[in-house]
Amino acid sequence: MLEIKNLDKRFGAIHVTKDVSLRLKAGERRVILGPNGAGKTTLFNQLVGELTPDKGQVILNAQDITALDVPARARAGLSRSYQKNSLFDGLTCRENLGLAAACKTGAVGSIFRDAMRNKEVRAIVEETAELVHLTPYLDRRVSEISYGIRRQLEVGVALATKPLVVLMDEPTSGIGPEMSHAFHSMINDLPRDLTLLIIEHDMDLAFDVADSITVLNYGEVVFDGTPEAARGSTLLR
């Protein structure tokens, strides 16, 4: 479903990703672990098209998307949630989800609220809100909801584009243990045909949701295997 071939990126003398290769099968849930500065977010930026790799390829659903820009990759089925919230605070949760759904369906016109009258957009919003446990908050403005609920909405916005693959950059960053547990449940409840690539610092979540684990260090893949093998690795001690 998603294949990363020999991605390499330098910033001057700093080698941020070094010949990174990964392959995710359809429906796989892979967690990327590694210390700060390991190149995890830089890798995500290359996958979604925010950064151009110095060399290598990104293949999505058998299509080479390396040369595509961010919107084109999103239309091809690659979506992302960010480590820091990138939501519209003045809009409701419903409207944030609706904007993502409208972009996917092509329902966005000169007046955004017209898109919310679109039956397909409304259906996607309701379905997505249920997936990320946001139904009670749909008509609350983002500025009025807690940080933890915002993190759920970030994931919801990514899902509302109906992607093939979702990249999640530390979805539990900055939230407490109780909300972190809710995230475990939410991610485990997502449809199994959805392919997930997750950067995570929460080891409990990593081992709870992952089918496979990759460890990056100084831009290189130093481990790639099952959670069981990762538990026994000295790299995670």
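The values are calculated or read from the model by the stated rules, or taken from the named source; none is laboratory data. It should be emphasised that the depicted structure is a prediction, and the values quoted were computed from it without experimental measurement. Virtual Cβ from ideal backbone geometry, glycine too; neighbours counted across all protein chains shown. To get the accessible areas, we keep the full protein, side chains included, count just its heavy atoms, and leave off ligands, DNA and RNA. Shrake-Rupley method; radii C 1.70, N 1.55, O 1.52, S 1.80 Å.
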Residue-count net charge about Arg150 - beta-carbon cut-off 15 Å; Lys, Arg +1, Asp, Glu -1: -1
Pairwise Lys count, the chain - Cα closer than 19 Å, eight or more residues apart or different chains: 15
Each label point is 7 Å from the Cα along the Cα-to-Cβ direction; what then is the distance between the points at Ser21 and Met179, in nm? 4.0 nm
Once amide hydrogens are built 1.01 Å from N within the peptide plane, the residues lying 5 or more places from Asn61 or on another chain with amide H under 5 Å from its amide H are Leu2, Glu3
Considering the dipole of the stretch 85-176 built from charges on the beta carbon (Lys and Arg +1, Asp and Glu -1) around the Cα centre, which of Val166, Thr128, Gly148 is farthest to its positive end? Thr128
If you rank Asp19, Asp193 by how much accessible surface each has, with a 1.4 Å probe, what is the order from largest down? Asp193, Asp19
Going by accessible area, probe 1.4 Å, with all protein chains left in place, what is the ranking of Glu127, Glu228, largest first? Glu228, Glu127
With Kirkwood radius over Cα pairs in Å defined as stated, name the option among [x] 17.1; [y] 18.9; [z] 18.3 computed from the structure displayed. [z]
Given the rule -39500 (n - 2.57) for each run of at least 4 DSSP H residues, summed and divided by the residues of the chain, what is its mean residue ellipticity at 222 nm, to the nearest 500 deg cm²/dmol? -10000 deg cm²/dmol
Student exercise, the chain dipole from Lys, Arg, Asp, Glu Cβ charges, in Debye to nearest 20: 460 debye
Note: Val222 to Glu130 extended length (0.36 nm per residue) minus current alpha-carbon separation gives 29.4 nm
Describe numerically, in nm with one decimal, the distance between label points set 7 Å from Cα along Cα→Cβ at His201 and at Arg140. 2.5 nm
Rounded to the nearest 20 debye, dipole of the stretch 136-207 from Cβ charges on Lys, Arg, Asp, Glu: 280 debye
Mind giving me the nanometre distance, one decimal, between the label points for Phe11 and Lys119, set 7 Å out from Cα along Cα→Cβ? 4.9 nm
Per 0.36 nm of contour for each residue apart, how much would the distance between Gln63 and Asp189 grow if the chain were fully extended, relative to their Cα-Cα spacing? 42.5 nm
Accessible surface, the chain, averaged per residue in Å² (probe 1.4 Å): 47 Å²
Can you tell me how much longer the chain between Ser233 and Leu91 gets when fully stretched, taken as 0.36 nm per residue apart minus their C-alpha distance, in nm with one decimal? 46.6 nm
Hey, what did the stretch 143-229 get for relative contact order, percent, Cα under 8 Å, at least 6 apart? 24 percent
Checked against the positive end of the charge dipole of the chain (+1 on Cβ of Lys and Arg, -1 on Cβ of Asp and Glu, about the Cα centre), the farthest of Ala76, Asn217, Ile175 is Ala76
Environment charge of Phe88, counting only residues whose C-beta is closer than 10 Å and scoring Lys/Arg +1, Asp/Glu -1: -1
Using a probe of 1.4 angstrom, how much of the accessible area of the chain is carbon and sulfur, in percent? 50 percent
If every Lys and Arg gets +1 and every Asp and Glu gets -1 at its Cβ, then about the Cα centre the stretch 31-102 yields a dipole, in debye to the nearest 20, of 140 debye
Largest to smallest accessible area among Ile32, Ile59 [probe 1.4 Å]: Ile59, Ile32
